[in-house]
């Protein structure tokens, strides 16, 4: 009998933890479904939380059996990364911080440890210690994988919000039939300039615009990079069949452009948005007549 007991405990602790996880997968998934990490994500159906927990437990079992409990790149984690990424994205959208998610991950370990201790209650103390250590390391690696997924999800969320802000800050206004304008406010960088070009070209197609106005009255400074982006936008609009006018070039910006030696001779410019609109209307065949009332002195 003692020999049989010794033979039983010659099994690698990590492999035994993997076998334990597979045997108790359903129980662990049920307990995890009530944990904050899964409960706050799967709010519609508890069964969804159980399914998600079951997938994670199976991945942990595969990693444990492979003996790579410390390796965040273990094959077993490949299957579960997508699951963790969706969970991380949901928690990030809900405003959870990395510290909060880390605590929620730590809370998943005690229910599993309790089940392991119960199952190995009659095992030698040394073997029990080795198995619990393997489980602790495995859960720590899972936590690391989750935090990596959270960081990536958070960055993707920031990038999406930044793009949305760029799109909101780059409105296209239909001024007249066949005339659209993009009033720019704030600093122009490469990313925003690309959004400006795409937004303007989309508007040219949708509105069947023949004239597009880029108004830079609200742009504080113009450097060579900004000027290049403006010229590329003008060229792209021409390829789409629209004439592009740059308006709002203030004296300070004009001096900067001259100082930098930037050649905008091929770009049609106007001092203000009103001047650009007047020119565009004239090109459309409209005759603009000043309002006599504006010249009458008040009595």
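The values are calculated or read from the model by the stated rules, or taken from the named source; none is laboratory data. Keep in mind the model is a prediction, meaning the values are calculated, not measured. Note that we place each Cβ from the backbone using ideal geometry, even for glycine, and neighbour counts take in every protein chain shown.
Points worth noting:
- Among the residues of segment 24-48, those identified as without any contact (Cβ under 8 Å) to a residue 24 or more places away in the chain and closer than 27 Å to residue 120 by Cβ are 30, 33, 34.
- Selection from segment 249-268 of residues that are within 16 Å of residue 212 (Cβ to Cβ) and more than 37 Å from the chain's Cα centre (by Cα): 266, 268
- Inclusion of residue 94 among residues that are at pLDDT below 90, crowded, with 17+ Cβ neighbours inside 10 Å and either over 26 Å from residue 25 (Cβ atoms) or assigned by TED's automatic domain parsing to the domain that holds residue 76 (or both) is not warranted.
- Boolean, residue 284 is in contact with a helix residue (DSSP H, G or I) (Cβ under 9 Å, 6 or more places away or on another chain), within 21 Å of residue 200 (Cα to Cα) and surrounded by fewer than 14 Cβ atoms within 10 Å (Cβ to Cβ): no
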